[in-house]
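Heads up, the thing below is written out as structure tokens.
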Amino acid sequence: MSTPRLVPAPIHLYFSEESVNKEVYKREYQQLSEADDDPISQWLKLAKAKGDTRDTDQVLLQLVVELHRKIDTLEMFLKDEVPQRISLMHEGQIESIGFEHFNLEEALFEVGKVYYGRIEMPVYPKRDVGVFFEAVSETLAKFLKIHDRDEKEWSAYMTARERVLIRESREKKS
């Protein structure tokens, strides 16, 4: 197997072997993909479908929606409500990422085993991404299952990290 192209990216990962609780992991995986289906998102989708947002600045609209979500989050905090996440057995730091792979700082995987994980994406808005992956080595993993929207966001983040590295290398040469 050829080594995948990876770029440094500090991301946090929680994970467990898939076989430990497969059905519960599948359920959380689905819930994480539907995290945008909160009431404000439902309203926004409906308004877009009707064409009500046609004359609206989309960036401004998205910022207002995110402010609404922040207020909802603050309200949950004040009411001491915490979003329920299942407990995963292990956690680690992702050192570098590729389009279909990621590499951990420490050797935490068993080669050939399939895992379910929750990745804390360092993008705006911050959110958790559910993934199923297989250990290629003790540190390297390959995605088996990731939602389309999350895959696009992952790829965009990786591309942004590459741009940063290119910019830094150009600055060093100057």
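Data for the structure
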{"read-out": "Charge sum, other residues only, whose C-beta stays under 10 Å from Phe15's C-beta, Lys/Arg counted +1 and Asp/Glu -1", "value": "-2"}
{"read-out": "Most fluctuating residue given options Lys45, Lys113, Lys145, as computed from a GNM of the chain linking Cα atoms under 10 Å", "value": "Lys45"}
{"read-out": "With eigenvalues of the C-alpha gyration tensor scaled by 5 and rooted, the stretch 39-78, Å", "value": "23, 11, 4"}
{"read-out": "Extended-chain gain in nm, criterion 0.36 nm per residue less alpha-carbon gap, Thr53 and Arg127", "value": "24.1 nm"}
{"read-out": "Kirkwood-based Rg to Rh ratio, the chain, C-alpha trace", "value": "1.02"}
{"read-out": "Charge dipole magnitude, Cβ of K and R +1, D and E -1 - the chain, Cα centre, debye nearest 20", "value": "620 debye"}
{"read-out": "Given charges at Cβ of Lys, Arg, Asp, Glu: the chain dipole, positive-most of Ala156, Tyr25, Gly117", "value": "Ala156"}
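Each reported figure results from applying straightforward, stated rules to the coordinates on display, with no laboratory input. Everything quoted here is computed from the prediction, not taken from an experiment. With ideal geometry, Cβ positions are generated from the backbone for all residues, glycine too; neighbour counts draw on all protein chains shown.
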